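Heads up: the structure comes next, in structure tokens.
The values are calculated or read from the model by the stated rules, or taken from the named source; none is laboratory data. Because the structure is predicted, anything quoted here is derived from the model rather than measured. Glycine also receives a Cβ, built like all others from the backbone with ideal geometry; neighbour counts cover every protein chain displayed. Quick note on the areas: whole protein, heavy atoms, side chains included, nothing else; ligands and nucleic acids left out. Shrake-Rupley method; radii C 1.70, N 1.55, O 1.52, S 1.80 Å.
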Amino acid sequence: CQNGWIQTNYIQNIDLNIQSGYVELPSFSEQEIFRQSYYFGQIVNPGRVRGKNYALKVTMKSSNVMITSRVDRSSCITLYGEAVKVIDIGKIARLFRVDDLVFQGVTKEEYLVNGLPDGLYEVCFEIVDVTFDADNSVSRRCLLQQVKTHNAPVFTYPRDNTVLSMKENALFQWRPRHITAYPVSYEYMIYEYQDNWSYGQALAFDKPLARF
């Protein structure tokens, strides 16, 4: 965020409007939120506030799990007096970036491997005023959404412990095992992990060799 000129005489009357066409989601994955446009957001600015910087924040809370995003000042939203400002889906999706989340009730490694436990979640979005580094919450909107995971697709080839040479063109074959009313897309990532690592450690601490 850049602090240019600031309107000093104003009534800060900012409202956050977040909507979703989905009551049931398979996950809160950053990639899925961006691809499927799970959310639509806008800032309503009836007081025509201008010159103020805002950041987004999200909290996902169930009966025993709470995950909160850190305030990211590098991806702020600046108002220039417009009555309504639509929030780019990319900014909303970035709130769910794993490395920027604080976990309670579930570890980062468990989240990467298994996703969130199935259940009802209160998903709350906030607009935070970061103009003067005060991190004051200005407006908050919450949705109730159900997380319901489905069985992952089964790889029919290559099978576990198959050894592939570096010169071999590997053909991955799989079949889905889900039944759902909402659209589903798959993202495959290939990781290399050390002999003393678990799958979860490889996902948490290494980068994929390939993604498709």
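So the values come out like this:
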quantity: Residues of the range 70-95 satisfying the condition of being closer than 22 Å to Gly21 by Cα and open to solvent by less than 20 Å² (accessible area, probe 1.4 Å); calculated: Ile87, Gly90, Ile92, Ala93, Leu95
quantity: Matching residues in the range 117-156 - criterion: being at pLDDT below 85, open to solvent by 70 Å² or more (accessible area, probe 1.4 Å) and among the aliphatic types (A, V, I, L, M); calculated: none
quantity: Check on Gly51, open to solvent by 20 Å² or more (accessible area, probe 1.4 Å), more than 14 Å from the chain's Cα centre (by Cα) and not basic (Lys, Arg); calculated: no
quantity: Subset of the range 38-48 (residues that are under 16 Å from the mean Cα position of the chain (by Cα), part of a strand (DSSP E or B) and surrounded by 20 or more Cβ atoms within 10 Å (Cβ to Cβ)); calculated: Tyr39, Gly41
